Amino acid sequence: MRQCWKYALLSAFSALLLASCGKDEYDFGNEGEVSFALSAEYVTSAVKSYSEGDFSIDDFTLEIFNEEGVKIKKWKYGEIKNETVRLNAGYKKAVAFYGDSLATGFDIIYFAGESEFVVDGQNTTPVSITCRQSNVEIAVEWGEYIKSAYSDYNIRIYREGKSGELLFGSQTTESGYIPAGELSMEITLVDASGESRVYSPEPLQARANDFIKLKIDTKEPDKEEVDLDITVETTTNDIVEEIKIPAVLVAKEAPSFTFMDEASASAAVSIVEGADGSDLNLSITAPGKIAGCTLASSFTSPVAEGWPSEIDLINGDETTLALMKSQGLDWNLSDETYANVDFTGFVKNLRRVSSENSNVATVTVTDKKGKSVAFELTFNIGEAQISLEEIPEYDMWATKAYLTASTADGDAAALSVEVSADGGFSWTTPQINEVSSDASSKRLEIAGLAPGTSYEFRAAYYSTRSAEVSATTEAAAQVPNSGFEEWSEWEYYVNKEGLFWGNDVYQTNYAPYKDDSSKWWDCNNSETTPGNRTNTGATYKSFPMVTYVSGNRSSRAAQIMTIAIDNYATSGTAPSPTVCAGRLFSGDYGGQDSRPFASRPSAISFDYKYVQHESENFIVNVQVIGAGAVIGEGHLYPAGNVSDWTNITLDIEYTNTAQKADAISIEFISTNASGSDAWEYDQSITYGGDKTARVHGGSILTVDNLEMVY
């Protein structure tokens with residue numbers, strides 16, 4: 001018999017509004033107070049004992065239900081100790097519990113209790129709840145014959161069709177817990193030679209709060225009969241049952257295999273090269289217990305990556321087993337009787353070869369009775385369906401191309417592209433950058449191509465190649481007179497009569513082209529030259545803004561200046577001047593600011609020097625135009641004095657990549673300032689090669705060696 005102790009703790013609920021609907025909407029004129037007393041019976045058996053110190057009654061859960069069975073309140077018991085609660089008058093039920101009613105295992109005890117009560121309006125109603133152990137406690141005692149005659153033994157207790165089980169081995173001394181109901185049992189006895197016997201007695205009906213002690217022994221070690229004494233103890237009565245179970249010799253069948261839910265000794269599956277598998281699981285059942293298991297293979301890949309021809313799945317070295325796992329092949333030995341080899345994540349690593357498309361795996365299992373059985377699994381590797389889309393003209397740039405490769409049944413992540421520049425005689429893998437991808441296609445950027453070159457492209461997928469697609473890269477065009485070596489120059493008349501000189505005054509003007517037929521660049525010199533000026537300090541009054549000077553590693557470079565002029569200017573005065581920023585640009589002054597250009601550079605680079613006035617910046621603008629709209633542009637605003645030749649790059653960002661270019665606009669501006677802030681009196685300059693002059697001017701930008709970058 002078990003001994004029971006009761007520990008009672010009184011509690012009173014705090015006054016909380018109970019928010020519900022129907023009969024439990026509050027009626028403040030018909031309420032009553034309720035106090036609760038919660039107690040628990042702690043059970044002591046010969047195997048295990050519990051006391052209040054093992055767990056706290058404060059951790060019990062307390063729930064209140066109305067007469068429709070709707071839960072209207074829930075607390076941990078410790079939250080409402082020594083308090084009362086006001087509830088609407090009428091029928092209620094209080095339920096208290098501790099633990100998980102569905103759990104199975106050792107040290108998993110479950111308590112439950114309930115009490116029905118009626119709340120008396122305007123009065124205090126006491127409610128008592130006694131919680132008792134509500135799952136089943138089980139202990140096992142092995143007899144002396146079993147201990148002496150068998151090398152190992154265990155009993156598995158479970159509920160058919162339910163999760164969770166209790167496994168009592170030869171060294172298990174503690175008791176376990178399982179929900180009440182019909183309990184199935186399986187007893188295994190293993191003799192010194194490794195021979196096993198399995199016994200399955202009739203199921204046992206167990207009730208909540210039962211303590212069941214199983215006393216298991218054989219009458220004589222050599223008889224094929226086992227006595228199982230089952231003692232059922234409860235708080236109300238003792239029941240002793242003796243069950244004699246005829247011995248059932250463990251099944252001596254050889255190991256067997258189940259593949260894709262069908263029992264077989266061999267199988268063949270067809271898969272697409274590089275694609276994921278689907279539930280390719282090989283299950284092994286060995287009633288005679290698994291002693292050994294090997295995997296022999298003739299895989300074309302990943303053999304090349306160090307895959308051995310045979311792997312010992314039970315005693316293999318860690319390096320080999322780790323390689324197997326890394327390739328997606330899973331091996332699991334759940335117990336001595338059951339195991340499985342899962343090829344689902346592995347088959348994507350199998351490859352075709354030119355004259356062979358089969359890969360074979362042989363799994364051999366040996367049980368402890370020496371019976372060995374093999375299962376042969378053949379993988380027929382099929383070609384994936386792949387294609388390369390036709391390449392529109394706008395996807396062919398000077399040094400790169402954009403291609404879309406697709407697969408109908410393979411792994412899009414494995415798609416690549418090969419390229420040929422000799423009409424398909426030889427193929428190489430170019431530099432590839434992934435732009436985007438989805439489950440069936442991949443958008444790729446092919447870099448490192450040569451401008452103006454015809455290519456053949458094809459999609460590549462392991463051993464499979466698509467049909468070829470032809471396309472030609474666009475030219476890597478450069479702009480004319482990019483070194484600013486070609487200039488026109490001529491003299492123009494400044495004034496006829498002089499106040500201080502008797503001779504007429506002439507000035508030299510410049511244009512950034514050799515003649516009209518070679519004109520690509522132009523400038524805004526006409527804004528400051530020529531003019532009807534007085535001859536006093538003529539260079540102050542009429543002076544070109546764009547001219548040439550000595551270049552960087554070349555004869556000439558373009559010099560772009562800010563100039564202020566006025567009819568009455570002298571070295572010390574320039575009232576109401578015309579102030580102009582020098583501007584060198586593609587196009588015609590007063591007309592189009594662009595030139596035909598069919599290439600799409602990624603940037604421009606140039607050498608420059610800059611004499612800065614105040615804190616000004618010079619400006620560089622580039623626009624690539626297609627079909628009358630800007631498809632790409634870049635802007636640069638460098639500041640600061642740069643006295644030595646320096647190279648700088650201006651990137652061009654394309655906002656429309658689905659349009660070919662047909663024109664380009666480039667301009668250099670000497671300053672971002674205007675008005676009186678942009679100039680100073682009496683500035684000494686060099687121009688026109690090695691000429692010198694004194695002008696009213698500002699910032700000076702010198703540019704050379706312009707290059708279009710692809």
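The values are calculated or read from the model by the stated rules, or taken from the named source; none is laboratory data. Keep in mind that what you see is a predicted model, and the values were worked out from it rather than measured. Don't worry about glycine lacking a Cβ; one is built from the backbone with ideal geometry, like all the others, and counts go over all protein chains shown. To get the accessible areas, we keep the full protein, side chains included, count just its heavy atoms, and leave off ligands, DNA and RNA. Shrake-Rupley method; radii C 1.70, N 1.55, O 1.52, S 1.80 Å.
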Run residue 439 past the list (1) at pLDDT below 95; (2) touching a strand residue (DSSP E or B) at 6+ places or on another chain (Cβ under 9 Å) and report the number of the one that doesn't hold. (2)
Matching residues in the stretch 46-69 - criterion: being open to solvent by 70 Å² or more (accessible area, probe 1.4 Å), assigned to a loop (DSSP other than H, G, I, E, B) and either at pLDDT below 85 or closer than 16 Å to residue 35 by Cβ (or both): 46
Suppose we keep only residues that are in contact with a Gly (Cβ under 8 Å, 6 or more places away or on another chain) and more than 20 Å from residue 608 (Cβ to Cβ) within the stretch 620-653. Which one would you say is surrounded by the most Cβ atoms within 10 Å (Cβ to Cβ)? 624
Selected residue (only one of 684, 665, 670 is more than 43 Å from the chain's Cα centre (by Cα) and touching a residue at least 40 places away in the same chain (Cβ under 8 Å)): 670
Where residue 527 falls short, out of the listed (1) among the charged types (D, E, K, R); (2) at pLDDT 90 or above; (3) within 26 Å of residue 672 (Cα to Cα): (2)
Residue identified as in contact (Cβ under 8 Å) with a residue 12 or more places away in the chain, touching a helix residue (DSSP H, G or I) at 6+ places or on another chain (Cβ under 7 Å) and open to solvent by less than 30 Å² (accessible area, probe 1.4 Å) among 271, 284, 290: 271
Condition first: among the aliphatic types (A, V, I, L, M) and surrounded by 15 or more Cβ atoms within 10 Å (Cβ to Cβ). Now tell me which residues in the stretch 334-359 satisfy that. 339, 341, 347, 350
Checking the condition of a type in the set (D, E, K, R), in contact with a strand residue (DSSP E or B) (Cβ under 6 Å, 6 or more places away or on another chain) and more than 27 Å from residue 193 (Cα to Cα), which residue from 317, 330, 312 passes? 330
Total residues in the stretch 124-179, condition in a strand (DSSP E or B), open to solvent by less than 80 Å² (accessible area, probe 1.4 Å) and either acidic (Asp, Glu) or in contact with a helix residue (DSSP H, G or I) (Cβ under 9 Å, 6 or more places away or on another chain) (or both): 4
Going by the conditions given, is residue 412 at pLDDT 95 or above, open to solvent by less than 10 Å² (accessible area, probe 1.4 Å) and out of contact with any strand residue (DSSP E or B) (no Cβ under 8 Å at 6 or more places or on another chain)? no
Quick check, is residue 665 of a type in the set (S, T, N, Q), surrounded by fewer than 16 Cβ atoms within 10 Å (Cβ to Cβ) and assigned to a strand (DSSP E or B)? no
Tally, over the stretch 180-197, of residues that are in a loop (DSSP other than H, G, I, E, B), at pLDDT below 85 and surrounded by 13 or more Cβ atoms within 10 Å (Cβ to Cβ): 3
Selection within the stretch 70-97 - aliphatic (A, V, I, L, M) and open to solvent by 40 Å² or more (accessible area, probe 1.4 Å): 70
Can we say residue 565 is among the aliphatic types (A, V, I, L, M), in contact with a Pro (Cβ under 7 Å, 6 or more places away or on another chain), within 27 Å of residue 540 (Cα to Cα) and crowded, with 20+ Cβ neighbours inside 10 Å? yes
Could we say that residue 395 is acidic (Asp, Glu) and under 19 Å from residue 278 (Cα atoms) here? no
Within the stretch 101-112, does at least one residue satisfy the condition of being within 14 Å of residue 35 (Cβ to Cβ), of a type in the set (Val, Ile, Thr) and in contact with a Ser or Thr (Cβ under 8 Å, 6 or more places away or on another chain)? no
Restrict the check to the stretch 104-123 and report whether at least one residue is open to solvent by 20 Å² or more (accessible area, probe 1.4 Å), among the polar types (S, T, N, Q) and modelled with pLDDT under 90. yes
